[in-house]
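The values are calculated or read from the model by the stated rules, or taken from the named source; none is laboratory data. Remember, predicted model here, so these are calculated numbers, not experimental data. With ideal geometry, Cβ positions are generated from the backbone for all residues, glycine too; neighbour counts draw on all protein chains shown. Accessible surface is based on the protein model in full, side chains and every heavy atom, while ligands, DNA and RNA are left aside. Shrake-Rupley method; radii C 1.70, N 1.55, O 1.52, S 1.80 Å.
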Amino acid sequence: MTHSTLYLVRHGQSQTNAGGITLENPLVPLTELGAQQAQAVAALLPAAAHKVWSSPFKRALDTAAPYCALVEQVPAIHDDLREFEMIDTTQLRGSAVAEREAAMARYWLASDPDHRAGPAAETFREFHDRVARVRGEFLPDVAPGSVIFGHGIWMALLFWQILGFETVDGAAMARFRRFQLGFPTPNTAVYRLTPVAPGKWDVKADEGAMRAIAALSEASRKTPWSASART
């Protein structure tokens with residue numbers, strides 16, 4: 001482990017990722033595979049962590065739990081690590097995946113950084129500013145060797161900003177969406193952040209960990225369902 005490195009970990013497969021019904025964003029749980037991924041990635045992270053941080057959302061906390069048990073820590077929660085709340089999931093509670101994905105597609109197609117898709121949603125500009133606040137105020141003060149559990153779109157926007165993209169308008173929002181969809185942040189993806197200068201970070205994927213989790217996920221897909229799983 002590089003002494004100054006921070007580790008970012010995306011949560012395991014969630015009910016939403018697996019195409020389940022819509023739940024309020026903070027309450028979405030892991031699937032059985034997601035719980036297995038969390039157990040597996042725990043063994044692939046540093047054997048000791050200075051501190052463990054997590055988003056307040058259930059899927060991130062549940063992913064952090066096996067690792068926290070290994071290193072005998074309780075995760076510190078930082079609200080700004082939560083995932084982008086682009087749509088108001090309280091208004092879609094119980095809806096099927098097709099309805100949820102249609103609402104998300106409409107949101108991104110509009111590419112309006114100041115549009116709020118419901119009372120409990122945040123605008124893209126607010127999300128951008130929240131991630132920028134983490135980048136500028138939180139991460140520089142996080143102790144080296146810490147592990148942070150969070151979310152895919154959040155991680156992609158952090159890396160987008162680290163690359164130097166800071167304009168917030170419709171065109172930039174559309175470009176970010178294309179970047180985010182192509183950026184490799186599978187469930188329990190692990191990235192290492194190392195400071196190289198004030199406000200500057202080197203970002204490197206932990207390819208070994210990501211390949212190991214991919215193998216686990218592939219094996220799970222090939223395992224025949226039991227009779228109880230089919231009913």
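Stretched out fully, how many nm does the piece from residue 125 to residue 102 gain, at 0.36 nm a residue minus the Cα gap?
6.1 nm
Could you tell me the center-to-center distance, by alpha carbons, between the range 183-205 and the range 56-126 in angstrom?
Measuring centre to centre over Cα atoms gives 21 Å.
For every other residue with a beta carbon closer than 14 angstrom to the beta carbon of residue 114, add +1 if it is Lys or Arg and -1 if Asp or Glu, then tell me the sum.
-3
Using a probe of 1.4 angstrom, how much of the accessible area of the range 126-231 is carbon and sulfur, in percent?
55
With a 1.4 Å probe and all protein chains left in place, how much accessible area per residue does the range 117-161 have, in Å²?
28
Note the direction-averaged projected area, equal to a quarter of the hull surface, for the Cα convex hull of the chain, in nm².
That works out to 12.7 nm².
For a protection proxy built on the mean count of beta-carbon atoms within 10 angstrom, sort 62-70, 45-53, 134-142, 182-190 highest first, please.
62-70, 182-190, 45-53, 134-142
What GluC sites (Glu not before Pro) does the range 27-91 have in DSSP loop regions with at most 11 other beta carbons within 10 Å?
Hits after loop and neighbour filter: 72.
Report the gain in length on full extension from residue 80 to residue 220: 0.36 nm times residue separation, minus Cα-Cα distance, nm rounded to one decimal.
Going from the current span to full extension adds 47.1 nm.
Where the only charges are on Cβ atoms (+1 Lys, Arg; -1 Asp, Glu), what is the dipole of the chain about its Cα centre, to the nearest 20 debye?
Value, rounded to 20: 560 debye.
At 7 Å along the Cα-to-beta-carbon direction for both residue 115 and residue 32, put a label point, then send me their distance in nm to one decimal.
The two pseudo-label positions are separated by 3.9 nm.
When a/c is below 1.5 the answer is rounded, else prolate if a/b is larger than b/c, else oblate, so apply that to the range 73-131 with a ≥ b ≥ c taken from the square roots of the Cα gyration tensor eigenvalues.
Because a/c hits 1.5 or more and a/b fails to exceed b/c, the range 73-131 counts as oblate.
Counting helices only, and only those DSSP H runs with n ≥ 4, report the 222 nm mean residue ellipticity of the chain as the sum of -39,500 (n - 2.57) divided by its residues, in deg cm²/dmol to the nearest 500.
Helix-only estimate at 222 nm: -12500 deg cm²/dmol.
With an 8 Å cut-off on Cα pairs and a minimum separation of 6 or more residues, tell me the relative contact order of the range 39-98 in percent.
36
Among the aspartates and glutamates, select those whose C-alpha is under 13 Å from the C-alpha of residue 51, and discard any that sit fewer than 8 residues away in the same chain.
Leaving aside aspartates and glutamates fewer than 8 places away in the same chain, those within reach of residue 51 are 72, 141.
Please state the relative contact order of the chain as a whole percent: Cα pairs under 8 Å, 6+ residues apart?
Numbers: 398 pairs, mean separation 65.6, N = 231.
The normalised contact order for the chain reaches 28 percent.
Counting only the backbone N, which residues of the range 31-50 are under 18 Å from the spot 7 Å out from the Cα of residue 204 toward its beta-carbon?
In the range 31-50, the label zone of residue 204 (backbone N under 18 Å from the point 7 Å along Cα→Cβ) covers 44-48.
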